[in-house]
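Working notes, beginning with the structure itself.
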Amino acid sequence: MFRRAALLAVLQCLAGAPIAAQAATDLLTHAERTAFVETGRYAEVESLCRSYQQAYPTAVRCVEFGRTPEGRPMLAIVASQSGALDPAAARRRGLPVLLAQGGIHAGEIEGKDAGFIVLRELLAGRQAAGVLAKAVFVFVPVFNVDGHERFGAWHRPNQNGPREMGWRTTAQNLNLNRDYMKADAPEMRAMLGLLNAWDPIVYADLHTTDGADFQVDISVQVEPLFAGDAGLRPLGLALRDRALADLTAAGFVPVPFYPSFVKDDEPASGFENDVSTPRFSLAYWALHNRFGVLVETHSWKPYQRRVEATRDTL
């Protein structure tokens, strides 16, 4: 839990890492600095992207992979201690790639803050020590950048923080998580270019649910599992169940389905686990014989807990 004591412990650990204590402080997010009351604007993403590259020049690259309709840079942070910081090098070395994105719906933004914390912990060797020598982590803090900058306090009225957040759709009023097959949005075309270049074995899409006030903290769905290549489905099941077990052990309440009633406003209708269509990230990437992972925290939970759950999932 990222309380004050834990935050001090993080800084103490980072001070002994390859970067100086001042640099470690510079890698804190605005969310952490405000005790998760607020999340930062996109200028913070641009600043942190540069700061990570400066702090870890041999292990991090800050990459612009597109421009939004309003002219903002779409940024990805590539992290690996293998020296493979471009797709061709990763392929030559046979390294698996995880690509995680936050803010496809920019009001659902804990993926951005959680991803930066995970990135810092991986590079400092505080979590999964050594994994970046054997893999590549590509992190897109915000997919819907223009929507992110349409900040407001009441864009998601049933969401428990942060104080202000971005908007669901793009500047062209397009919902990116309905656009994978048709690729109308320039942001989507840029993302598909990034995915095709890196070919990640796992593509994680980080969201927040709406709906009734459930006990659930987070849901994790994986494909192929109910659809897609039959040979991959047992691996998808194992990946999902291990994530759920680890989250449970960490004190969260996870479920393997999207927590929304079969019939809106009718709790007795129950839940169902169905196969999404490829206009969504989860099913789209499974069509490539790779693993799509949909992560959904619950909007009624406090923002800090949602960030922590997303961080632990990653």
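Just so you know, all these numbers are worked out from the coordinates, no wet-lab data involved. Just so it is clear, the structure is predicted and the values come from calculations on it, not from any experiment. Glycine also receives a Cβ, built like all others from the backbone with ideal geometry; neighbour counts cover every protein chain displayed.
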Please indicate, with yes or no, whether at least one residue in the range 228-249 is surrounded by 12 or more Cβ atoms within 10 Å (Cβ to Cβ), in contact with a Gly (Cβ under 9 Å, 6 or more places away or on another chain) and part of a loop (DSSP other than H, G, I, E, B). yes
Subset of the range 44-62 (residues that are surrounded by fewer than 20 Cβ atoms within 10 Å (Cβ to Cβ) and hydrophobic (A, V, I, L, M, F, W, C)): 62
From 307, 255, 262, which residue is over 25 Å from residue 109 (Cβ atoms) and β-branched (Val, Ile, Thr)? 262
Cβ-Cβ below 8 Å, separation at least six or inter-chain, first residue in the range 83-94 and free of Cβ contacts under 8 Å to residues at least 40 places away in the same chain, second polar (S, T, N, Q): which pairs? 83/58; 93/82
Any chance you could count how many residues in the range 128-150 are in contact with a strand residue (DSSP E or B) (Cβ under 7 Å, 6 or more places away or on another chain) and farther than 19 Å from residue 53 by Cα? 2
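Considering the range 283-307 alone, what residues qualify as being under 13 Å from residue 200 (Cβ atoms) and either of a type in the set (A, V, I, L, M) or not in a strand (DSSP E or B) (or both)?
Step one: of the range 283-307, the residues under 13 Å from residue 200 (Cβ atoms) are 284-286, 288-293.
Within the range 283-307, 284, 285, 286, 288, 289, 290, 293 meet the criteria.
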Please verify whether the range 258-278 includes one or more residues that are in a helix (DSSP H, G or I), more than 29 Å from residue 170 (Cα to Cα) and of a type outside the set (Ser, Thr, Tyr). yes
Return the only residue of 33, 126, 92, 41 being surrounded by fewer than 18 Cβ atoms within 10 Å (Cβ to Cβ) and touching a Lys or Arg at 6+ places or on another chain (Cβ under 9 Å). 126
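Of the residues 114, 128, 106, 100, which single one is in a loop (DSSP other than H, G, I, E, B), in contact (Cβ under 8 Å) with a residue 60 or more places away in the chain and aliphatic (A, V, I, L, M)?
Working: 114 fails: in a loop (DSSP other than H, G, I, E, B); 128 fails: in contact (Cβ under 8 Å) with a residue 60 or more places away in the chain; 100 fails: in a loop (DSSP other than H, G, I, E, B).
Matching residue, one of 114, 128, 106, 100: 106.
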Could you look through the range 160-212, keep only residues that are part of a loop (DSSP other than H, G, I, E, B) and hydrophobic (A, V, I, L, M, F, W, C), and pick out the one that is surrounded by the most Cβ atoms within 10 Å (Cβ to Cβ)? 185
